[in-house]
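Any read-out appearing in this document is the output of simple, stated calculations on the displayed coordinates, not a laboratory observation. These figures come from a predicted structure and were not determined experimentally. When we count neighbours, we look across all protein chains shown, and the Cβ atoms used for this are built from the backbone with ideal geometry, even at glycine.
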Amino acid sequence: MGLKFHLQHSLIYTELMSANVPANNAIVSQDPDILGGVAVFAGTRVPFGTFIEYLEGGDSLDTFLADFPSVRRELAIAALEWLRQLATSDKGPRASAA
C-alpha cells in the first residue's frame, strides 16, 4: 500500500483517505490541552509512546488494542507503516557510532 506521510502543525498525516483514519488523516497529534502536549493517537488520549513501550516490551498489537480500545487497528497499522518509512528513509535522522 503506497502510503505517504508528512508532519504538519504537530500532526502526522497520511495521504491515504480511508474510512478507518480520522477525517483529517491524522495518525498522531500533539495538543498542549491534551495530556500536556504528549503525542497521542489522533482522536484519542492514548500516548503514542505507550504503543512503542508495548511493542518494545514484546506485547503484540492485539494486546495493545485490547488494552486501548479507542485506538483502531487501522490507525495503529498506519502508525507502524509511518515508523517503518521513517526508519528506512534516506532523508531521516541517522544513528552514528561514537
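Report the GluC sites (Glu not before Pro) located in the stretch 42-87 that are in a DSSP loop and have at most 10 other Cβ atoms inside 10 Å of their Cβ, or state none.
Counting only loop positions with at most 10 other Cβ atoms within 10 Å, none of the GluC sites (Glu not before Pro) in the stretch 42-87 qualifies.
For a Förster distance of 30 Å, can you work out the FRET efficiency between the beta-carbons of Glu56 and Glu81, rounded to the nearest 0.05?
Rounded to the nearest 0.05, the efficiency is 0.95.
Take peptides 38-51, 59-72 and line them up by average Cβ neighbours within 10 Å, highest first, as a rough protection proxy.
The densest-packed peptide leads the list: 38-51, 59-72.
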